[in-house]
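K.L.:
Here it is: the structure, laid out below.
Each value in this text was obtained by applying a stated rule to the coordinates, not by laboratory testing. Since the model is a prediction, treat every value here as computed from it, not as a measurement. Note that we place each Cβ from the backbone using ideal geometry, even for glycine, and neighbour counts take in every protein chain shown.
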Amino acid sequence: MTRFALTGALAGAVLFTSAAAALDDEAARTARWNELAQDIFGARQIQQGDAKINLEAPERAEDAALVPVTISVQNPKDVKSITLVIDDNPAPVAAHVTFGPAGDPQSLKLRVRVNQYTYMHAIAETKDGGLYETHRFVKASGGCSAPSGSYDTAALAEIGQMKLRLVGDPQAGQAREAQLLIRHPNFNGMQRDPATLGYTPARFLKTLDVTLNGERVLHLDSDISLAADPAITFAVTALAKGKLAIEAHDSDNAVFAHNFDLGTGGS
Amino acid sequence: MRGLRETRTTAVENLSAPSLPPAASPMTAHPTRRKILLGSFCLCCLPSAIRASDAGPFAMQEIAEGIHIRRGLDEEATQANENAIANTGFIVGRDAVLVIDPGGSLADGECLRATIAQITSLPVKYVVMSHVHPDHIFGASAFLKDAPVYIGHARLTEALQQRGAYYREKLSALFGPEQTGTVVLPGMEIRDRAEIDLGSRIIEVIAHAPAHTVCDVSLFDKETGTLLPADLLFVQRMPSLDGSLRGWLKTLDELKNHAAARAVPGHGPVVVDWPSASAAITRYLTVLERDTRRAITEGTSIEAAIKTAAASERGEWKLFDDYNTRNATEAYKELEWE
């Protein structure tokens with residue numbers, strides 16, 4: 001994993017120069033993925049899974065600091081976890097989500113940072129241990145306004161605030177989508193301070209646990225690849241009533257917890 | 001001088017970049033470099049649209065007595081234009097010159113500096129950096145040899161700490177580190193407002209709440225009743241949202257009440273009537289807010305909302321497609337917390 005750490009330290013510098021060009025080589029990108037797959041899943045076989053899992057992401061990201069991604073699966077009942085890998089990000093595993101009995105893996109939306117032109121892979125792990133992947137190539141166009149990871153530090157005063165929105169009307173027997181917003185800078189530790197030439201320390205969301213009436217909806221492991229103010233849209237099972245409890249931990253060991261009463265329609 | 005705080009003025013070199021002459025060292029100590037710089041901006045660095053054949057490297061317009069402005073190109077930064085895309089210029093008082101803004105690159109700043117010297121022998125004592133965007137302030141290091149007071153919003157330093165190195169890398173990739181310039185932090189930080197005396201000429205500096213960016217300052221020249229809102233005012237060229245949508249609309253409202261006869265936009269014509277010229281940008285931002293809020297209320301996802309928000313404005317702005325999706329993304333993530 002040394003290679004990823006090195007890429008992280010240099011990411012700002014190489015964004016528009018040599019690394020992107022070197023990785024333009026399709027063979028190098030394939031080798032990169034094979035190496036990542038080995039690191040993340042070990043010797044387990046990963047099957048081509050376009051019939052089982054779908055990944056939607058913009059072909060060209062206008063805002064590299066906020067790239068919306070939607071992952072959906074064909075047979076939610078068979079799926080145990082979903083992993084999103086952004087191959088050429090400094091921390092490639094953007095999210096690993098494990099679903100519980102109160103969660104429904106049918107659809108998962110995340111907002112991520114994309115550091116440079118890269119493949120993204122979404123992998124569904126089925127309950128019988130199978131791994132199925134699909135992928136997309138994403139061009140992060142950057143733009144002169146904001147490098148990925150800059151943040152209005154005034155918003156730090158609101159760190160840990162949460163907002164929950166239920167999407168659509170409840171339909172009998174169908175899972176319900178909920179969008180959770182969490183105020184958090186998700187500092188990626190890659191901003192250089194021109195006065196010291198050092199790096200602003202990273203501070204990012206590490207885990208998120210969501211339960212419905214005490215039953216697990218999902219557990220998320222994450223890293224610096226989530227966009228600032230992380231937003232996650234997930235589905236809860238048909239009986240979407242009662243207390244939705246959220247607990248988030250960040251890399252500074254801060255804990256943010258919030259309960260939402262779904263009986264009154266969310267927040 | 002309420003709201004002023006003296007801090008440091010620091011030129012920061014990138015580790016990989018060749019050193020510039022220190023501020024205290026006169027350029028004559030580096031004749032070769034000086035020759036190169038003069039050669040480059042006279043012969044090749046400026047697009048002909050900007051360069052004046054006889055009046056100096058820049059085509060400047062004196063838009064009010066003593067206020068000289070260069071029209072920026074309605075383009076993105078390219079190798080050819082050396083990021084001379086913002087309106088930049090200077091104000092001449094009885095005793096001193098104030099620059100706003102120093103330009104988009106060291107090369108752009110050097111051109112401005114040479115132009116000033118052709119118009120006045122007065123020293124450049126103040127360089128205002130209106131906000132963090134590189135097209136306005138990467139020329140700052142061209143003025144280090146004049147040892148001016150660099151003036152910026154109280155939050156400019158923080159913004160440059162987050163982004164300065166990134167901008168420098170990006171611009172260096174376009175036209176080389178030598179032409180790019182270094183990050184200069186403000187020595188005078190404005191929290192609320194301040195007055196700068198250029199000698200019988202008072203320039204008011206106003207620090208704004210987050211609007212176009214989180215670190216916008218505007219100037220008002222009392223002598224001629226001229227408002228210089230920098231990128232708080234875009235005319236014809238697509239605005240870029242990088243601060244707060246609601247804040248920007250509020251700031252425009254406040255500025256409209258300013259008793260100014262004319263204004264100098266950050267992009268667009270060098271001078272416009274005030275406040276009538278603020279109507280178009282106010283309309284765009286209002287439409288963007290309306291469309292985005294509607295999408296959020298209706299439960300439309302961000303990826304869908306940014307494809308349609310403010311689409312009715314497409315015909316009204318140059319470079320619309322380069323900025324609107326990004327603006328809509330910014331708007332969505334601000335308004336979804338309401």
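K.L.:
To the nearest whole number, what is the average tally of beta carbon atoms from other chains within 10 Å of the beta carbons of peptide A:160-166?
P.N.:
Numbers: counts 0, 1, 0, 3, 0, 3, 1.
Mean partner shielding for this stretch: 1.
K.L.:
Same structure, new question: In the structure shown, do any of B:Lys145/B:Lys318; B:Lys125/B:Lys222; B:Lys125/B:Lys318; A:Lys77/A:Lys109 have a Cα-Cα gap over 30 Å, and if so which?
P.N.:
Pairs exceeding the cut-off: B:Lys145/B:Lys318; B:Lys125/B:Lys318.
K.L.:
If you average the alpha carbon positions of the range B:286-338 and of the range B:83-135, how far apart do those two centres end up, in angstrom?
P.N.:
Cα centroid of the range B:286-338 versus Cα centroid of the range B:83-135: 35 Å apart.
K.L.:
Going by average Cβ density within 10 Å per residue, which order do the peptides B:265-273, A:84-92 take, highest to lowest?
P.N.:
A:84-92, B:265-273
K.L.:
So, one more: Pick out, in residue order, every one of the GluC sites (Glu not before Pro) in the range A:55-85 that is DSSP loop and has at most 13 other C-beta atoms within 10 Å; say none if there are none.
P.N.:
A:Glu59
K.L.:
Further question: Expected output is a single nm value to one decimal: the length gained when fully extending between A:Phe41 and A:Thr207, i.e. 0.36 nm times separation in residues minus the C-alpha distance. What is it?
P.N.:
57.8 nm
K.L.:
Taking amide H positions as placed in the peptide plane 1.01 Å from N, state which residues far from B:Tyr150 in sequence (5 or more) or on other chains have amide H under 5 Å from it.
P.N.:
B:Val127, B:Gly187, B:Met188
K.L.:
Checking the a/c ratio against 1.5 first, then a/b against b/c, what shape does the Cα gyration tensor give for the range A:41-95?
P.N.:
The shape class here is oblate.
K.L.:
What do you get for GluC sites (Glu not before Pro) in the range B:281-333 restricted to DSSP loop and a cutoff of at most 13 other Cβ within 10 Å of the site's Cβ? Walk me through the numbers before you get to the answer.
P.N.:
Values: sites: B:Glu289, B:Glu298, B:Glu303, B:Glu313, B:Glu316, B:Glu330; in loops: B:Glu298.
Sparse-neighbourhood loop GluC sites (Glu not before Pro): B:Glu298.
K.L.:
Sticking with this one: How many nm separate the modelled label positions at B:Thr120 and A:Arg136, each set 7 Å beyond the Cα in the direction of the Cβ?
P.N.:
Going by the 7 Å Cα→Cβ label model, 5.4 nm.
K.L.:
Please list 3J(HN,Hα) in residue order for the range B:115-121, calculated via the Karplus relation 6.51 cos²θ - 1.76 cosθ + 1.60 where θ = phi - 60°; whole Hz, with x for glycine and proline.
P.N.:
In residue order, the calculated couplings are 5, 4, 5, 7, 9, 8, 9 Hz.
K.L.:
If I take R0 = 45 Å and measure r between the Cβ atoms of A:Asp25 and B:Asp197 in this structure, what FRET efficiency does the formula 1/(1 + (r/R0)^6) give, to the nearest 0.05?
P.N.:
About 0.15, to the nearest 0.05.
K.L.:
Right, another one. What are the ³J(HN,Hα) values, in whole Hz, obtained from phi via the Karplus relation 6.51 cos²θ - 1.76 cosθ + 1.60 with θ = phi - 60°, for each residue of the range A:249-263 in sequence order, with x given for Gly and Pro?
P.N.:
Once θ is set to phi - 60°, the couplings for the range A:249-263 become 10, 10, 6, 8, 6, 7, 10, 10, 10, 7, 10, 10, 8, 6, x Hz.
K.L.:
Provide the FRET efficiency to the nearest 0.05 for the B:Ala80-B:Glu254 pair, computing r from the beta carbons and using R0 = 41 Å.
P.N.:
0.60
K.L.:
Read phi for every residue in the range A:31-43 and hand back ³J(HN,Hα) as whole Hz from Karplus 6.51 cos²θ - 1.76 cosθ + 1.60, θ = phi - 60°, with x for Gly and Pro.
P.N.:
Karplus-based 3J(HN,Hα) across the range A:31-43 equals 4, 4, 5, 4, 5, 5, 4, 4, 4, 7, 10, x, 7 Hz.
K.L.:
Would you tell me the mean number of C-beta atoms belonging to other protein chains that fall within 10 Å of each C-beta in A:65-78, as a whole number?
P.N.:
Mean number of neighbouring Cβ atoms from other chains: 2.
K.L.:
Now for a different question. Per residue of B:163-176, what is the mean number of Cβ atoms on other protein chains within 10 angstrom of that residue's Cβ?
P.N.:
Partner-chain Cβ atoms within 10 Å, mean over residues of B:163-176: 5.
K.L.:
What FRET efficiency comes out for the pair B:Thr282/A:Ala155, r = Cβ-Cβ distance, R0 = 22 Å, nearest 0.05? The partial results should precede the final answer.
P.N.:
Values: r = 25 Å, r/R0 = 1.16.
The computed FRET efficiency comes out at 0.30.
K.L.:
Once both labels are modelled 7 Å past Cα along the beta-carbon direction, what's the B:Ala173-A:Thr237 spacing in nm?
P.N.:
Each label point lies 7 Å from its Cα, and together they span 4.8 nm.
K.L.:
Taking the Cα centroid of the range A:74-111 and of the range B:212-284, what is the distance between the two, rounded to the nearest whole Å?
P.N.:
Distance between centres, Cα-based: 45 Å.
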